[in-house]
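Peer 1: What follows is a structure written as structure tokens; I'll ask about it next.
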Amino acid sequence: MFNILYQYLIQQKSLSLPGLGTLQLQHIPAISNFSDHIIEPPAQKVTFDDMYDSPNKNLFQYVSAQLKIEEWEAIKKINDFSFDLKNELKHGNEIIWDKVGVLKADLSGAVLLDNRTITYDYIQSVAAKRIIRTNTSHTILRGDREVSESFLQSPATGVVADVAADYRQRKKWLLWSLVFVVIALSILVIHFYTRGTGIHSLFNIQKISPKEAPAIYK
């Protein structure tokens, strides 16, 4: 029964045992192990929750199909299995479930699971040696500015590179500001040259004489 229920847990990610609790499958992502130069494969572990112990109907159908028995017999077998587990735990015994963990009861009677990590033979760790290129450099984003990679590799040269990049950026904006100022001054010079330098040259003071409208009757 242990093996059948384990297979159900792997497929359905959850297994509820009546009167005992629910086992749930939790995914563990791959981990980079730089000290050993490998990437450890993803794994799984089982967590236990004793607050919910109502089995899904699919469990009875699965056990019935695996043992080739009627569904009511499968229900009886699962109930008997859970009762035996709970009775063993009540007497202070530990239940070792292969690839799942160790079930045990504390002093208050609550059921606990000392889980095990589930790994698979078809998923192996892979080599991942870190490569550090000392003679190359590229720009990286630091805050809201792009700086050279040397800023992170060497504090002293990094500060100099950062200051130099900041200076070049400020110089670029200063150059464009100077261009706009020259254009504005050129427009003002042309304006005063053609219309004079008095204050009246800034306004449109041309006098317009309205024409007298023709008579609409004789």
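Peer 1: Tell me which strands (runs of 3 or more DSSP E) are completely within the stretch 1-97 and hold 2 or more residues being more than 19 Å from Ala110 (Cα to Cα), or say none if there are none. Explain how you work it out, then say what you get.
Peer 2: Details: elements: 14-17, 21-28, 31-33, 38-40, 43-49, 95-97.
Strands (runs of 3 or more DSSP E) meeting the threshold: 21-28, 31-33, 38-40, 43-49.
Peer 1: Could I ask something else about it? Out of all the residues in the stretch 108-115, is one or more hydrophobic (A, V, I, L, M, F, W, C) and under 24 Å from Ile31 (Cβ atoms)? Show your work before the answer.
Peer 2: Taking the stretch 108-115 first, the residues hydrophobic (A, V, I, L, M, F, W, C) are 110-113.
From what's left, under 24 Å from Ile31 (Cβ atoms): 113.
Yes, some residue in the stretch 108-115 is hydrophobic (A, V, I, L, M, F, W, C) and under 24 Å from Ile31 (Cβ atoms).
Peer 1: For Ser82, state whether it is of a type in the set (Ser, Thr, Tyr), modelled with pLDDT of 85 or more and either surrounded by fewer than 17 Cβ atoms within 10 Å (Cβ to Cβ) or assigned by TED's automatic domain parsing to the domain that holds Leu59 (or both).
Peer 2: Values: of a type in the set (Ser, Thr, Tyr): yes; modelled with pLDDT of 85 or more: yes; either surrounded by fewer than 17 Cβ atoms within 10 Å (Cβ to Cβ) or assigned by TED's automatic domain parsing to the domain that holds Leu59 (or both): yes.
Taking the combined requirement at face value, the residue satisfies it.
Peer 1: May I ask you to verify whether Ile69 is surrounded by fewer than 16 Cβ atoms within 10 Å (Cβ to Cβ), at pLDDT below 90 and either within 25 Å of the chain's Cα centre (by Cα) or not small (Gly, Ala, Ser) (or both)? Can you show your working first?
Peer 2: Numbers: surrounded by fewer than 16 Cβ atoms within 10 Å (Cβ to Cβ): yes; at pLDDT below 90: no; either within 25 Å of the chain's Cα centre (by Cα) or not small (Gly, Ala, Ser) (or both): yes.
So Ile69 does not fit the description; no.
Peer 1: Restricting the search to the stretch 49-66, which residues are closer than 15 Å to Asn79 by Cβ and among the charged types (D, E, K, R)?
Peer 2: Across the stretch 49-66, the qualifying residues are Asp53, Lys57.
Peer 1: Can you name every residue in the stretch 115-135 that is more than 16 Å from Gln44 (Cβ to Cβ) and modelled with pLDDT of 75 or more? Reasoning before the result, please.
Peer 2: Keep residues of the stretch 115-135 that are more than 16 Å from Gln44 (Cβ to Cβ), which gives 126-135.
Answer for the stretch 115-135, where residues must be more than 16 Å from Gln44 (Cβ to Cβ) and modelled with pLDDT of 75 or more: Val126, Ala127, Ala128, Lys129.
Peer 1: Would you point out which residue out of Ser148, Ser154 is modelled with pLDDT of 65 or more and either within 30 Å of Gly21 (Cα to Cα) or outside the structural domain of Gly19 (by TED's automatic domain parsing) (or both)? Can you show your working first?
Peer 2: Working: Ser154 fails: modelled with pLDDT of 65 or more.
Criteria check complete, one pass: Ser148.
Peer 1: Give Asp106, Asp50, Asp98 a once-over and let me know the one that is within 38 Å of the chain's Cα centre (by Cα), charged (D, E, K, R) and within 22 Å of Tyr122 (Cβ to Cβ). Talk me through it step by step, then tell me what you get.
Peer 2: Working: Asp106 fails: within 22 Å of Tyr122 (Cβ to Cβ); Asp50 fails: within 22 Å of Tyr122 (Cβ to Cβ).
Testing whether each residue is within 38 Å of the chain's Cα centre (by Cα), charged (D, E, K, R) and within 22 Å of Tyr122 (Cβ to Cβ) leaves just Asp98.
Peer 1: What is the number of the single condition among (1) at pLDDT below 75; (2) closer than 30 Å to Ser32 by Cα that Ala165 does not meet?
Peer 2: Going through (1) at pLDDT below 75; (2) closer than 30 Å to Ser32 by Cα one by one, Ala165 breaks only (2).
Peer 1: Being closer than 27 Å to Val126 by Cβ, free of Cβ contacts under 8 Å to residues at least 60 places away in the same chain and within 31 Å of the chain's Cα centre (by Cα): is that true of Gln44 here?
Peer 2: For Gln44, the condition - closer than 27 Å to Val126 by Cβ, free of Cβ contacts under 8 Å to residues at least 60 places away in the same chain and within 31 Å of the chain's Cα centre (by Cα) - is not met.
The values are calculated or read from the model by the stated rules, or taken from the named source; none is laboratory data. Given the structure is predicted, the values throughout are model-derived calculations rather than measurements. Backbone-built Cβ (ideal geometry, glycine too); neighbour counts: all protein chains shown.
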